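Colleague: Would you mind keeping the following structure in view while I ask a few things?
The values are calculated or read from the model by the stated rules, or taken from the named source; none is laboratory data. Small disclaimer: the values here were computed from a predicted structure and weren't measured. Neighbour counts run over all protein chains shown; Cβ positions are idealised from the backbone, glycine included.
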There are 2 protein chains.
Amino acid sequence: MPQVAHRLLVRDLAQVVSPAGGPAPLRGAALADVRVVEDAFVLLREGSIESVGRMRDLAPPGGEVEELDGRGLSAIPGLVDCHTHPAWGGDRVEEFSLRAAGAGYEELHAAGGGILSTVRATRALGEAGLRARVARHADWMLRHGTTTWEGKSGYGLDRDTELASLRAVSEAGGSPTWLGAHAVPPEFDDADAYLDFALAEVLPDAAGLADAADVFLERGAFDAVQARRYLLACREAGLALRLHGDQFTESGAVPLAAELGARSVDHLEATSAEGTRTLAASDVTGVLLPASALFLDRPMPPARALIDAGAAIALATDFNPGSAFTTSLPLVCSLACTKLKLAPAEALSAVTVNAAHVLGFGADRGRIAPGLRADLVLLDAPDWRYLAYHLAGDVVAAVIAGGRVAHRC
Amino acid sequence: MPQVAHRLLVRDLAQVVSPAGGPAPLRGAALADVRVVEDAFVLLREGSIESVGRMRDLAPPGGEVEELDGRGLSAIPGLVDCHTHPAWGGDRVEEFSLRAAGAGYEELHAAGGGILSTVRATRALGEAGLRARVARHADWMLRHGTTTWEGKSGYGLDRDTELASLRAVSEAGGSPTWLGAHAVPPEFDDADAYLDFALAEVLPDAAGLADAADVFLERGAFDAVQARRYLLACREAGLALRLHGDQFTESGAVPLAAELGARSVDHLEATSAEGTRTLAASDVTGVLLPASALFLDRPMPPARALIDAGAAIALATDFNPGSAFTTSLPLVCSLACTKLKLAPAEALSAVTVNAAHVLGFGADRGRIAPGLRADLVLLDAPDWRYLAYHLAGDVVAAVIAGGRVAHRC
């Protein structure tokens, strides 16, 4: 008996919205160029979108079709979180409490708290424990509408824990990034000695497990010379390149990213007007992380200046236990509108199609159009802009991933 | 056959936390004085807490007892939202989008958007429609852990819609506040003419439906003379008093609240050092609304100065469609720690016991202690401080209201 393809018709939706498409991330005015269809349907066939349009134009689909009632709901593309750190043990709730009482993030880091305290807890977890934590974090993301996500290692910083982190991200359905240069672990005297080890002993295997490599270019972590050495070796091994840059100080991350052809430079809270121009003139996407700026009560990144200068930008959670304990891209969209002064349409493009481009998935997801992956979020709202408007709301009614309902509220 | 009392034992909780109690709101250092019990139980009997303690001290409860496994969870008191506007129609998503593009809140209000656009939509709803909206909003609150809440009228501003709003709040389980002086509706030429109408035609019935009265004392709404007149009439009619004050400009709300013996003055973003001292010297509680400041991208209230001066403070959502579209007190606690520099313990007291005092419920809820109402939130966290730490997280595992599980995730 021939296998019949599974088809799912989401009908009578109040709205369906999709960003514009293209071979590269959206820039400038194109970032706000979203298409809204009212009183609409989306028809899915196995893992792909078959068609989308107005209800009055819906032809009888024929054959067996599962139906989902979309009345009162709005459909947006499955969200793409292109910057998360999901592989860790312990928590940083004590540090959060101390910071509320006035301690600074860099100060806590220097005092042996910060990233290195999470490194200790992560090494102690073991591979099964790490797998369980990453799976739990991936479930949190799904509940907030995230159907595609990147997950970084970087809380192991020894061979076994780094490789286990990358495997755990893959197994939970994420795109793994080797953040081998996140911090210098305590068993090394300096950053160069640690990089000697990481590039010789970890990179050969990490390159087979990860899609990309990332480095924390910042005072107290790795400088531009060390970052260049790390990234060049990773590029040579076939990995795409990402950088954490200009979070606390402007340290040359933007020109380095442009020179090396990195996919993104992430943070940019401290990026100057010159850095903004450099980024805008490059093919590098700026990944903005406003939840991290909120969590640390630090200045927001210059989002408006970047967009207006013509830079490609994406938005992400920065999910991690120390500086952004959140998996909510809807919250990030709210912050993008209230704090970064993005229009809801710009925020939507930044957490879908542009974020997909950062991960190399720009061709097959991040939009609602025939042939693309059948990843949708149904919002419990008559207008898709509630995604940003309903602050910390129960805005996600259902999540469809690969053509199947993966979460329902 | 005698009716057997329903008993519920929540056992093996990682932590149970409760603020300190007392006949008045907590002030100064007492605000941070919370008691944490590790490896704990809470035993409920009908609508009340029977006992709380460490598992090793749990005596066999005897009789029929329903059990709930609390492993990996932390229990906090049911949250109390002492400032919400749940009775409205329509939405303000278009205005939200315009504001993201740079328009100011007062500017939109003056242009006929703002509160008056919601008044039109609310009047058009009808009583059944209004009841459905308030019930939906109350369900959103419950899902975020809110078991006691205040709900204001103020989007009707005619007799029928104001009274219908108060009834809808009561029916949904809230404590109704008559916000008869929210704005001047379009059918009146000025604020005094509207107050003549409201006090003569609405107050007599509102006084029988509401627990309290509230006024928006602000440039463009009601001035201090008008607020005094409104509040004195409401006090005479037996209502407790609340004020919206110092949101955009310092307008005399704090001394007026102190003089009239109001329960609270709410907002205080623009309160000066002198206003802070006046509030601290009074019995009035300052209700801080950081989600509203975030939503409007306005300055945060001087929370630290108020607490350090000895003022009693509470925290609330300010849930409304225009300036704070959120029902999440966990988000408010996160903002209290990140933006207002409160310790998690201070934030907890401010959304439980102190908020209960603002509503006149300080004696029977807002804490976990024998004899109090059996309202609990079980957090999906090994440490109760995740309430604030897990930003926009799925932190609520279950909500127990009046001794029964009212929501479970």
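Colleague: So how many residues does region B:289-300 have that are more than 15 Å from the chain's Cα centre (by Cα) and facing another protein chain (nearest Cβ under 9 Å)?
Modeller: Within region B:289-300, residues that are more than 15 Å from the chain's Cα centre (by Cα) and facing another protein chain (nearest Cβ under 9 Å) number 4.
Matching residues to (1) touching a residue at least 60 places away in the same chain (Cβ under 8 Å); (2) on the phi > 0 side of the Ramachandran plot:
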site	(1), (2)
A:Val65	no, no
A:Ser74	yes, no
A:Gly90	yes, yes
A:Arg136	no, no
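Colleague: While we're here: List, please: which pairs have Cβ atoms under 6 Å, are six or more places apart or on different chains, and start with a residue in region B:265-285 that is part of a loop (DSSP other than H, G, I, E, B) and end with one that is of a type in the set (Gly, Ala, Ser) and at pLDDT 95 or above?
Modeller: Matching pairs, first to second residue: B:Leu268/B:Gly286; B:Glu269/B:Ala293; B:Ser282/B:Ala258; B:Val284/B:Ala257; B:Val284/B:Ala258; B:Val284/B:Ala262.
Colleague: I would also like to ask the following. Just to be sure I understand the filter: pairs with C-beta atoms under 8 Å, separated by 6 or more residues or on different chains, first member in region A:98-127 and more than 14 Å from chain B (Cβ to nearest Cβ) and farther than 24 Å from B:Ala347 by Cβ, second member modelled with pLDDT under 75 and in a helix (DSSP H, G or I). Which pairs pass?
Modeller: If the second residue must be modelled with pLDDT under 75 and in a helix (DSSP H, G or I), the pairs left are A:Ile115/A:His109; A:Leu116/A:His109.
Colleague: Now for a separate question. I'd like to know if region B:79-100 contains one or more residues that are over 30 Å from B:Arg298 (Cα atoms) and crowded, with 19+ Cβ neighbours inside 10 Å.
Modeller: Checked against the condition, which is being over 30 Å from B:Arg298 (Cα atoms) and crowded, with 19+ Cβ neighbours inside 10 Å, region B:79-100 yields no hits at all.
Colleague: Now for a different question. Pull out all pairs, ordered by first then second residue, where Cβ-Cβ is under 6 Å, the residues are six or more apart or on different chains, the first lies in region A:16-44 and is in a helix (DSSP H, G or I), and the second is surrounded by 14 or more Cβ atoms within 10 Å (Cβ to Cβ) and among the polar types (S, T, N, Q).
Modeller: Listed by first residue and then by second, the contacts come to A:Leu31/A:Ser349.
Colleague: Out of A:Ala347, A:Ala355, A:Ala314, A:Ala303, I need the residue that is within 14 Å of chain B (Cβ to nearest Cβ), touching a Cys at 6+ places or on another chain (Cβ under 6 Å) and in contact (Cβ under 8 Å) with a residue 24 or more places away in the chain. Which one?
Modeller: A:Ala347
Colleague: Here is a further query. Looking at B:Ser153, is it of a type outside the set (A, V, I, L, M, F, W, C), within 15 Å of the chain's Cα centre (by Cα) and under 20 Å from B:His244 (Cβ atoms)?
Modeller: When the stated conditions are applied, B:Ser153 passes them.
Colleague: Hey, can you tell me all the residues within region A:326-345 that are of a type outside the set (A, V, I, L, M), farther than 16 Å from A:Gly78 by Cα, touching a Ser or Thr at 6+ places or on another chain (Cβ under 9 Å) and not in a helix (DSSP H, G or I)?
Modeller: The one that is of a type outside the set (A, V, I, L, M), farther than 16 Å from A:Gly78 by Cα, touching a Ser or Thr at 6+ places or on another chain (Cβ under 9 Å) and not in a helix (DSSP H, G or I): A:Thr326.
Colleague: Give the residue, chosen from B:Leu243, B:Leu288, that is touching a residue at least 60 places away in the same chain (Cβ under 8 Å) and among the hydrophobic types (A, V, I, L, M, F, W, C).
Modeller: From the options B:Leu243, B:Leu288, the qualifying one is B:Leu288.
Colleague: Considering each residue of region B:51-87, count those that are away from chain A (no Cβ under 14 Å) and part of a loop (DSSP other than H, G, I, E, B), and give that number.
Modeller: 16
Colleague: Sort through A:Ala87, A:Ala75, A:Ala100 and tell me the only one that's touching a Ser or Thr at 6+ places or on another chain (Cβ under 8 Å) and modelled with pLDDT of 95 or more.
Modeller: A:Ala87
Colleague: Output the residues belonging to region A:304-342 that are closer than 26 Å to A:Ala100 by Cβ and among the small types (Gly, Ala, Ser).
Modeller: A:Ala316, A:Gly322, A:Ser323, A:Ala324, A:Ser328, A:Ser334, A:Ala336
Colleague: Hey, another quick one. Within region B:171-203, can you find the residues that are charged (D, E, K, R) and more than 26 Å from B:Ala356 (Cβ to Cβ)?
Modeller: B:Glu187, B:Asp189, B:Asp190, B:Asp192, B:Asp196, B:Glu201
Colleague: Would you call A:Ala75 buried (at least 19 other Cβ atoms within 10 Å of the Cβ), among the small types (Gly, Ala, Ser) and touching a Phe, Trp or Tyr at 6+ places or on another chain (Cβ under 7 Å)?
Modeller: no
Colleague: Being within 11 Å of B:Ala212 (Cβ to Cβ) and not hydroxyl-bearing (Ser, Thr, Tyr) is the filter here; which residues of region B:238-274 pass it?
Modeller: B:Gly238, B:Leu239, B:Ala240, B:Leu241, B:Arg242, B:Leu243, B:Ala262, B:Arg263
Colleague: Checking the conditions here, which among A:Glu127, A:Glu67, A:Glu50, A:Glu94 is under 30 Å from B:Ala336 (Cα atoms) and charged (D, E, K, R)?
Modeller: A:Glu94
Colleague: Looking only at residues in region A:369-394 that are more than 17 Å from A:Val37 (Cα to Cα) and among the acidic types (Asp, Glu), which one is surrounded by the fewest Cβ atoms within 10 Å (Cβ to Cβ)?
Modeller: Applying the filter and picking the extreme gives A:Asp394.
Colleague: Can you tell me which residues in region B:143-200 are touching an Asp or Glu at 6+ places or on another chain (Cβ under 9 Å), within 20 Å of B:Val80 (Cα to Cα) and acidic (Asp, Glu)?
Modeller: Of everything in region B:143-200, just one residue is touching an Asp or Glu at 6+ places or on another chain (Cβ under 9 Å), within 20 Å of B:Val80 (Cα to Cα) and acidic (Asp, Glu), namely B:Glu150.
Colleague: To continue, here is another question. Would you point out which residue out of A:Thr327, A:Thr285 is within 14 Å of chain B (Cβ to nearest Cβ), of a type in the set (S, T, N, Q) and in contact with a helix residue (DSSP H, G or I) (Cβ under 7 Å, 6 or more places away or on another chain)?
Modeller: A:Thr327
Colleague: Let me ask you something else. Which one of the conditions (1) assigned to a loop (DSSP other than H, G, I, E, B); (2) farther than 30 Å from B:Gly89 by Cβ; (3) modelled with pLDDT of 95 or more does B:Gly393 fail to meet, given that it meets all the rest?
Modeller: All conditions pass for B:Gly393, except number (3).
Colleague: Could you tell me how many of the residues in region A:381-409 are touching a residue at least 60 places away in the same chain (Cβ under 8 Å), under 24 Å from A:Lys339 (Cβ atoms) and either of a type in the set (Ser, Thr, Tyr) or away from chain B (no Cβ under 14 Å) (or both)?
Modeller: Residues meeting the conditions: 1.
Colleague: Taking the stated definitions as given, is A:Leu378 farther than 25 Å from A:Gln15 by Cβ and either assigned to a helix (DSSP H, G or I) or more than 14 Å from chain B (Cβ to nearest Cβ) (or both)?
Modeller: The answer is no for A:Leu378.
Colleague: Please specify each residue of region B:175-224 satisfying the condition of being more than 15 Å from B:Tyr155 (Cβ to Cβ), touching a residue at least 60 places away in the same chain (Cβ under 8 Å) and crowded, with 20+ Cβ neighbours inside 10 Å.
Modeller: B:Ser175, B:Asp211, B:Ala212
Colleague: Looking only at residues that are buried (at least 21 other Cβ atoms within 10 Å of the Cβ) and among the acidic types (Asp, Glu) in region B:118-166, which one is nearest to B:Arg92 (Cα to Cα)?
Modeller: B:Glu162
Colleague: Of the conditions (1) under 25 Å from A:Val215 (Cβ atoms); (2) within 25 Å of the chain's Cα centre (by Cα), A:Arg136 clears all except one; give me its number.
Modeller: Status for A:Arg136: all satisfied but (1).
Colleague: Taking region B:10-44, which residues are aliphatic (A, V, I, L, M), surrounded by fewer than 20 Cβ atoms within 10 Å (Cβ to Cβ) and over 19 Å from B:Asp383 (Cβ atoms)?
Modeller: Residues satisfying the conditions are B:Ala20, B:Ala24, B:Ala29, B:Ala30.
Colleague: Taking the conditions exactly as written (among the charged types (D, E, K, R) and within 14 Å of chain B (Cβ to nearest Cβ)), does A:Arg365 satisfy them or not?
Modeller: Taking the combined requirement at face value, the residue does not satisfy it.
Colleague: Which one is surrounded by the most Cβ atoms within 10 Å (Cβ to Cβ) among residues in region A:296-319 that are closer than 20 Å to A:His182 by Cβ, touching a helix residue (DSSP H, G or I) at 6+ places or on another chain (Cβ under 6 Å) and of a type outside the set (A, V, I, L, M)?
Modeller: Only one residue tops the list, namely A:Thr317.
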